[in-house]
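Trainee: Got a structure here, written out as structure tokens. Questions coming.
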Amino acid sequence: MSITAARLAAQRLSALRAQLVHNGLAGFVVPLTDEHMSEYVGEYAQRLAWLTGFGGSAGSAAVLASRAAMFTDGRYTVQVRQQVAGDLFEYQDVPATSAAQWLAEHVEAGQRIGHDPWLHTRAWAQGTATLLQAKGAELVAVAANPIDAVWHDRPAPSAAPLELHDETFAGRSHADKRADIAAWLQARAADAVVIAALDSIAWLLNIRGRDVARTPVALAFAVVHADASVDLFTAPAKITPAVRAHLGPDIRCQPRDQFEAALNAMAGKTVIADPQSCVAAIFAALEAGGARIREARDPCVLPRAIKNDVEIAGTTAAHVRDGAALTRFLAWFDHEAPKGGLDELSAAERLRQFRAETNSLEDLSFDTISAAGPNAALPHYRVSAQTNLPITRDSIYLVDSGGQYRDGTTDVTRTIAVGTPSPEMRDRFTRVLKGHIALARALFPAGTKGVQLDALARQHLWMAGLDYAHGTGHGVGSYLSVHEGPQRIAAAWSAQPGNDEPLQPGMILSNEPGYYKQGAYGIRIENLVLVESREVPGAERDMMGFRELTLAPIDRRLVDVALLSAEERVWWNDYHARVAAEIGPLLTDAEEQAWLEQACAPL
């Protein structure tokens, strides 16, 4: 962290503390989320980044009068120390501790600790309140976020209009989807369900938006009723005549600031709310209005995750298109990197240009992780002008990137040797590759959960006493969020609530084991895969497996072939034969074609 950034962080922390005193609070909790419990949030909701300088996608802070702490998991152990001033915030590791536990340790009897009920779940608020009560302190829900009072140039929420997501991409009409939700409500004798997750609203109504960078969603809440009608709460300026016509008469549009009042008016109705995506303020408003509340998972979550045939065809086409763009980049990089002169920013920009040249790119699916040398050891590194490193010979370059296309969302990581990799680099890369292949080749019975498959990807690292501190696989949306639940492949210690979901055909996941040597280099190999049914001769159970969606060469120069089994070499050769067959025809440049042929030659 620069001296200027540290000074600014100190000023902001001091201003927040003064505001807390003014509000009669002894402390405050600052999460990284919005009113929809989103992972990726709009600029207006970047309160944690504004206060601390932290640029990761998961974390929180707790502020008291004389001390403060920053809470991150193993993905950000190094990054948080680079971006957040250690003399202002203590570094705390999750899940070993949490903001609630830390506050309970340091709070004093009689103190009032504030939280924004629009930014926390009810379970978090209840659990934290219990911990504080044991110390004689009180958790207080604030009416206005105190950071907003001192963040004087805070951006306004995006005013971008809603966009239509045509049925030719969605595969189902919103009327059909609404009818399914209505039947779900009727089966539970419920009157309505609150939908707060932005990607659920986008999926349900076949709309998209540009209110959150890299994620095509619009800021809105929805209440779906048992008659299949919907109350949609969003800024009126977002509703264009085309959107109004698309929504039809059964979807009533109301200003977003009327949402809380509408919840207050549901007296006597049985209303379902998802405790994972509906914040504490939603439950409080329903309770204040006299609604009968039931907790249940958002009914959009599972059907959104199980892609229909149209969505599968779309994402398949998107991955071929994206694979050709990435392959062109890899060929270009191999030609240019040895000359010197490339850095992380210039490489990321050239990759974006290759994707843009498809003439189908709507946006990136996340900020490209363009990481050279030691920066590649940060799993969720984000390059900036301050951190930008040159790409040098005899090093590793890691690029994790993706695109948003109308027909699909992509996410792919390739690790590239620049010059001659060391024997250790090749050993670690090959162990990661072996884990990647083990998961890619896995057959598993219906009902299997991702947590049961995770060890397949780690086993060869474990044999050398190595591991990685992130999940192995996350779900991916269909022109939606690049991180989508409920499916997940992760170790038991890292699996999040609600993500321990049986895998089903039609789900998309990433397969991305890695290895990170702090201060030296990082390795990750990531493909997106589709869960499919498998015919297994003599099987007594319904079986499933994965089909690769991502198509792009993996760097053979990093492979120690002697460590690969015969089956693993077959997988490598089969995969690269498919890459050559499907990507090759999309390359028109002779040099790119020749590069691909060499990159895909059998081991």
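The values are calculated or read from the model by the stated rules, or taken from the named source; none is laboratory data. Note that the coordinates shown come from a computational prediction; the quantities given were computed from them, not determined experimentally. Reconstructed Cβ throughout: ideal geometry from the backbone, glycine too, with neighbour counts over all protein chains shown. Note: areas computed on protein heavy atoms with side chains; ligands, DNA, RNA excluded. Shrake-Rupley method; radii C 1.70, N 1.55, O 1.52, S 1.80 Å.
Trainee: Of the listed peptides 503-515, 22-34, what is their order by residue-averaged count of other C-beta atoms within 10 Å, with the highest listed first?
Mentor: The densest-packed peptide leads the list: 503-515, 22-34.
Trainee: Against the longest alpha carbon principal axis of the chain, how many degrees, from 0 to 90 and to the nearest 10, is the axis of helix 450-462 turned?
Mentor: 50
Trainee: Then there's this: Distance from the Cα centre of the range 176-253 to that of the range 558-578, in angstrom?
Mentor: If you average the Cα positions of each part, the centres end up 46 Å apart.
Trainee: Here is a follow-up. Mind jotting down the three principal axis lengths of the range 39-192 based on Cα atoms? Whole angstrom, largest first.
Mentor: On the principal axes, the range 39-192 reaches 55, 37, 32 Å in Cα extent.
Trainee: Continuing with the same structure: Rounded to the nearest 500, what is the chain's calculated 222 nm mean residue ellipticity when only DSSP H runs of at least 4 contribute -39500 (n - 2.57) each, over all residues?
Mentor: Calculated from helices alone, the mean residue ellipticity at 222 nm is -10500 deg cm²/dmol.
Trainee: Which order do the peptides 288-301, 370-383 take when ranked by the mean count of other beta-carbon atoms within 10 Å per residue, highest first?
Mentor: Order by mean packing, descending: 370-383, 288-301.
Trainee: Could I ask something else about it? Label points 7 Å out from Cα along the Cβ direction at Thr420 and Met543: separation in nm?
Mentor: With each label point 7 Å from Cα toward Cβ, the separation is 4.5 nm.
Trainee: If you rank Asp257, Asp454 by how much accessible surface each has, with a 1.4 Å probe, what is the order from largest down?
Mentor: Highest to lowest solvent-accessible surface, that is Asp257, Asp454.
Trainee: How about Lys238: which aspartates and glutamates have a C-alpha closer than 14 Å to its C-alpha, ignoring those fewer than 8 places off in the same chain?
Mentor: Glu163, Asp211, Asp257
Trainee: Quick one: accessible surface of Cys600, probe radius 1.4 Å, all protein chains present, in square angstrom to the nearest 10.
Mentor: For Cys600, solvent-accessible area is about 10 Å².
Trainee: Share of the range 94-162's accessible area from carbon and sulfur, percent, 1.4 Å?
Mentor: 55
Trainee: Here's something else I'd like to know. So what does the Cα-only Debye profile of the range 501-603 read at q = 0.12, 0.16, 0.19, 0.21 Å⁻¹, as log10 I(q)/I(0), no solvent term?
Mentor: Log-scaled intensity ratios, in q order: -0.56, -0.92, -1.14, -1.22.
Trainee: Follow-up question, since we're still on this one. Taking the highest mean first, how do the peptides 351-358, 482-489 order by number of other beta carbon atoms within 10 angstrom per residue?
Mentor: With the highest mean Cβ count within 10 Å placed first, the list reads 482-489, 351-358.
Trainee: Can you pull the percent of the range 504-559's accessible area that's carbon plus sulfur, 1.4 Å probe, other chains left in place?
Mentor: Roughly 43 percent, rounded to a whole number.
Trainee: With an 8 Å Cα cut-off and a minimum separation of 6 or more residues, compute the relative contact order for the range 512-603 in percent.
Mentor: Averaging sequence separation for qualifying contacts and normalising by length gives 22 percent for the range 512-603.
Trainee: Setting aside same-chain residues fewer than 8 positions from Lys269, which aspartates and glutamates have a Cα under 16 Å from its Cα?
Mentor: Excluding near neighbours in sequence, the set is Asp191, Asp227, Asp231, Glu260, Glu287, Glu295.
Trainee: Below 8 Å, C-alpha to C-alpha, sequence gap of six or more: please give me the relative contact order for the chain in percent.
Mentor: 11
Trainee: If I model a spin label as a point 7 Å beyond the Cα along the Cα-Cβ vector, how far apart are those points for Ala96 and Glu43 in nm?
Mentor: 3.7
Trainee: Normalized C-alpha radius of gyration of the range 7-51, against 2.2 N^0.38 Å?
Mentor: Cα Rg divided by the expected 2.2 N^0.38 Å: 1.28.
Trainee: Another question about this same structure. By a straight-distance test (C-alpha under 23 Å), which lysines pair with Lys434 as possible cross-link partners, with residues fewer than eight away in the same chain excluded?
Mentor: Lys449, Lys517
Trainee: So if R0 is 56 Å, what FRET efficiency would Val21 and Glu597 give, r being the distance between their Cβ atoms, rounded to the nearest 0.05?
Mentor: Computed FRET efficiency for Val21 and Glu597: 0.25.
Trainee: Tell me, what % of the accessible area of the range 339-432 is carbon and sulfur with a 1.4 angstrom probe?
Mentor: Of the solvent-accessible surface of the range 339-432, carbon and sulfur hold 47 percent.
Trainee: Based on alpha-carbon centroids, what's the gap between the range 81-145 and the range 258-321 in Å, whole number please?
Mentor: 27
Trainee: Note down the relative contact order for the range 294-408 as a percent, whole number, built from C-alpha pairs under 8 angstrom at least six residues apart.
Mentor: 33
Trainee: Tilt of helix 309-336 relative to the longest C-alpha principal axis of the chain, in degrees (0 to 90, nearest 10)?
Mentor: Computed tilt is about 60 degrees.
Trainee: Where the centroid of each part is defined by its Cα atoms, how far is the range 339-410 from the range 1-62 in Å?
Mentor: 27
Trainee: Tell me, what is the per residue accessible area of the chain in Å², probe radius 1.4 Å?
Mentor: Accessible area per residue, the chain: 38 Å².
Trainee: Sticking with this one: Taking square-rooted eigenvalues a ≥ b ≥ c of the alpha carbon gyration tensor, is the range 357-458 rounded, prolate or oblate, where a/c under 1.5 means rounded and, failing that, a/b exceeding b/c means prolate?
Mentor: oblate
Trainee: Can you bin the range 401-503 into rounded, prolate or oblate? Criterion: square roots of the alpha carbon gyration tensor eigenvalues sorted a ≥ b ≥ c, rounded for a/c under 1.5, prolate for a/b above b/c, oblate for the rest.
Mentor: Here the range 401-503 falls in the oblate category.
Trainee: For the range 1-103, what class follows from the C-alpha gyration tensor (a ≥ b ≥ c being the square roots of its eigenvalues): rounded when a/c is under 1.5, otherwise prolate if a/b is larger than b/c, else oblate?
Mentor: rounded
Trainee: Calculate how large, on average over all directions, the projected area of the Cα convex hull of the range 249-335 is; give the answer in nm² to one decimal.
Mentor: 10.0
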